[in-house]
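In what follows, a single structure is set out as structure tokens and then discussed.
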Amino acid sequence: AWMLDNSIPVPGLGGYRIGVDSLIGLVPGIGDALGAALSTYILGEAVRLGAPKSVLLRMFFNVVLESVIGLIPFAGDIFDMTWKANARNVKLLERYLDNPVTTTRSSRFLAFGVMAAVFIILALLFFLSWMVLKWLVGLI
């Protein structure tokens, strides 16, 4: 996580650091995919250490969010440099190892929230599609 998110000091920003993942992400197309692939190592270690599905899902969400937003030119690169999914995932895994019950509970809550948000978005897309289809049929 340190190498991917915090290994390179940025001159003039008061000790702020970026990582190899941020530099790789600057390469259009393949950079974010390669960064996500490297991030799966930490997920694999979490599986090996016995992290529950809710914690793994939260870690996966961090990587996917960074990767998807990273696809947006320039703004995605800035997000990647600030979100630091790998460092977040290591902290989450350490928190789980220190206090498994609380971390599992909070991860379940986040997973439920993400699933609810996805369901609401899909329902809105379905509704909008239905309205557009209805409007198009009305034109005919």
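The values are calculated or read from the model by the stated rules, or taken from the named source; none is laboratory data. Keep in mind the model is a prediction, meaning the values are calculated, not measured. Glycine also receives a Cβ, built like all others from the backbone with ideal geometry; neighbour counts cover every protein chain displayed. The protein model used for the area step is the full one, side chains on, heavy atoms only, and it has no ligands, DNA or RNA in it. Shrake-Rupley method; radii C 1.70, N 1.55, O 1.52, S 1.80 Å.
Take the residues in the stretch 4-22 that are aliphatic (A, V, I, L, M) and at pLDDT 85 or above; name whichever of them is surrounded by the most Cβ atoms within 10 Å (Cβ to Cβ). So that I can check it myself, show each step before the final result.
Narrowing the stretch 4-22 to residues aliphatic (A, V, I, L, M): 4, 8, 10, 13, 18, 20.
Now restrict to residues that are at pLDDT 85 or above: 4, 8, 10, 18, 20.
Values: Leu4: 24, Ile8: 13, Val10: 12, Ile18: 21, Val20: 18.
Filtering the stretch 4-22 for residues that are aliphatic (A, V, I, L, M) and at pLDDT 85 or above, the one surrounded by the most Cβ atoms within 10 Å (Cβ to Cβ) comes out as Leu4.
Out of Leu34, Leu43, Leu57, which single residue is more than 17 Å from Thr104 (Cα to Cα) and either charged (D, E, K, R) or touching a helix residue (DSSP H, G or I) at 6+ places or on another chain (Cβ under 7 Å) (or both)?
Leu34
Working carefully through the options Gly29, Gly25, find the one that is modelled with pLDDT under 90 and in contact with a helix residue (DSSP H, G or I) (Cβ under 7 Å, 6 or more places away or on another chain).
Matching residue, one of Gly29, Gly25: Gly25.
Taking the stretch 27-37 as the search range and keeping residues that are under 18 Å from Ala1 (Cα atoms) and aliphatic (A, V, I, L, M), which one is surrounded by the fewest Cβ atoms within 10 Å (Cβ to Cβ)?
Within the stretch 27-37, the first condition is being under 18 Å from Ala1 (Cα atoms), and the residues that meet it are 31-37.
Within this subset, residues satisfying the condition of being aliphatic (A, V, I, L, M) are 33-34, 36-37.
On the way: Ala33: 15, Leu34: 15, Ala36: 19, Ala37: 13.
By that ranking, first place goes to Ala37.
For a quick check of your reading of the model, give me the residue pairs whose first member lies in the stretch 13-25 and is over 9 Å from Met81 (Cα atoms), whose second is outside any loop (DSSP other than H, G, I, E, B) and open to solvent by 30 Å² or more (accessible area, probe 1.4 Å), with beta-carbon atoms closer than 7 Å and at least 6 apart or on different chains.
That search, which allows pairs on different chains as well, returns Gly15/Pro9; Val20/Met3; Ile24/Leu34.
Among (1) open to solvent by less than 100 Å² (accessible area, probe 1.4 Å); (2) farther than 21 Å from Leu56 by Cβ, where does Ile140 come up short?
Exception for Ile140: condition (1).
What's the total number of residues in the stretch 73-100 that are open to solvent by 90 Å² or more (accessible area, probe 1.4 Å) and without any contact (Cβ under 8 Å) to a residue 40 or more places away in the chain?
Of the residues in the stretch 73-100, 6 are open to solvent by 90 Å² or more (accessible area, probe 1.4 Å) and without any contact (Cβ under 8 Å) to a residue 40 or more places away in the chain.
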